[in-house]
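In what follows, a structure is listed as structure tokens, so that the remarks can point back to it.
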Amino acid sequence: MTDQLSMRIPHDISTPADRRRPFVDVELVIPALNESARLPRTLAHSVAFLRDQPWSSRLVVVDNGSVDDTPAVARRAAAELGAEIPIEVVGCSRPGKGAAVRRGLLNSSSRYVGFFDADLATPVETLTAAVEHLESGATAVIASRHLPESSFVRPQQVGRRAGGAAFRALARGLVRGVRDTQCGFKLFERDAAVRALVQCRTEGFAFDVELLHRVQRDGGTIVELPIAWTDSPDSRFHPIRDGVPSFGAILRMQRAMSA
């Protein structure tokens, strides 16, 4: 599989080639804001899974302005877990999940790139099916909590479920045929991701919608995967602080697309 994945990737102007990380088959960004408590387990579990895969991989922790020991904890975990699966830690001074993901992905030179949440609400084992779909021609593969085959190991609170339903209704006008734009697990063909990322302007939690919208607008295909999802009681998403700006971002996108 490695030979198949190691096709040469054309140069693009987003990041100079000499500033990109060395090639691996699959590179995964973990946006992290005050994640010192969860990162050791997340990194250990992810490395254990990735060691057994037929493709080479790297994890990139993007510290998004943490005020705890997130960067130090991530570097210590990287040293303890060894170099077989490289773990890099980079900083992102701009706030927001979208800014952190852009910071991580635009410095990649890998065949497939993606991101997942530090709480592992989506099992990292989802990567197996995601890579298979990309190898079969998909542009993006995203985990979905709202397919008939999906299940909730620990469901969200009622208020967040209601807000999520309203958000999905708005997002459907921008991302066609996708039931769940917000699940925190996505994997892309790198060139398509870069083309979309360099156009994205959203930096908060609505970033996923703009990214997927631009992938579709460029002719890309998006595959949704059913998952067994576990809501984290320590989620970094706050309904007021993050939810209200996210709805505003969606409305601005809709106005821009209709102008």
query: What's the number of the condition ASP3 fails, among (1) outside any loop (DSSP other than H, G, I, E, B); (2) under 20 Å from the mean Cα position of the chain (by Cα); (3) modelled with pLDDT under 95; (4) not small (Gly, Ala, Ser)?
result: (2)
statement: The residue that is nearest to VAL198 (Cα to Cα), considering only those in the range 133-143 that are surrounded by fewer than 24 Cβ atoms within 10 Å (Cβ to Cβ) and touching a residue at least 24 places away in the same chain (Cβ under 8 Å), is THR139
- request: Inspect the range 35-56 for any residue being part of a helix (DSSP H, G or I), farther than 24 Å from ALA193 by Cβ and in contact with a Ser or Thr (Cβ under 8 Å, 6 or more places away or on another chain) and give the result as yes or no.
  value: no
field: From the options ARG94, ARG41, residue that is touching a helix residue (DSSP H, G or I) at 6+ places or on another chain (Cβ under 8 Å), more than 19 Å from LYS186 (Cα to Cα) and surrounded by fewer than 21 Cβ atoms within 10 Å (Cβ to Cβ)
entry: ARG94
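For the range 106-134, which positions are among the hydrophobic types (A, V, I, L, M, F, W, C) and under 18 Å from GLU35 (Cβ atoms)?
In the first step, residues of the range 106-134 are kept if they are among the hydrophobic types (A, V, I, L, M, F, W, C); the result is 106, 113, 115-116, 118, 120-121, 124, 127, 129-131, 134.
PHE115, PHE116, ALA118, LEU120, ALA121, VAL124, listed by residue number.
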message: One residue is enough: does the range 52-60 have a residue meeting the conditions at pLDDT 95 or above, under 23 Å from THR128 (Cβ atoms) and of a type in the set (D, E, K, R)?
response: yes
query: Among the residues of the range 99-132 satisfying the criterion of being part of a helix (DSSP H, G or I) and under 20 Å from ARG145 (Cβ atoms), which is most open to solvent (accessible area, probe 1.4 Å)?
result: GLU125
- prompt: If you go through the range 65-87 one residue at a time, do you hit one that is buried (at least 23 other Cβ atoms within 10 Å of the Cβ), closer than 22 Å to VAL198 by Cβ and in contact (Cβ under 8 Å) with a residue 40 or more places away in the chain?
  reply: no
- request: Among the residues of the range 184-209, write down those that are more than 23 Å from PHE23 (Cβ to Cβ) and not in a helix (DSSP H, G or I).
  value: GLY184, GLN199, CYS200, ARG201, THR202, GLU203, GLY204, PHE205, ALA206
- line: Counting only residues that are within 11 Å of the chain's Cα centre (by Cα) and open to solvent by 20 Å² or more (accessible area, probe 1.4 Å), the range 184-204 contains a total of 0
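Residues checked against (1) out of contact with any helix residue (DSSP H, G or I) (no Cβ under 8 Å at 6 or more places or on another chain); (2) closer than 11 Å to ILE30 by Cβ:
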position: LEU81; (1), (2): no, no
position: LEU105; (1), (2): no, no
position: SER108; (1), (2): no, no
position: GLY114; (1), (2): no, yes
position: THR122; (1), (2): yes, no
- prompt: Has the range 170-183 got at least one residue that is closer than 19 Å to HIS133 by Cα, outside any loop (DSSP other than H, G, I, E, B), modelled with pLDDT of 80 or more and open to solvent by less than 20 Å² (accessible area, probe 1.4 Å)?
  reply: no
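The values are calculated or read from the model by the stated rules, or taken from the named source; none is laboratory data. No experiment lies behind these values; they were computed from the predicted model shown. Every residue, glycine as well, gets a Cβ built from its backbone with ideal geometry; the counts of neighbours run over all protein chains shown. SASA here: full protein model, heavy atoms, side chains in, ligands and nucleic acids out. Shrake-Rupley method; radii C 1.70, N 1.55, O 1.52, S 1.80 Å.
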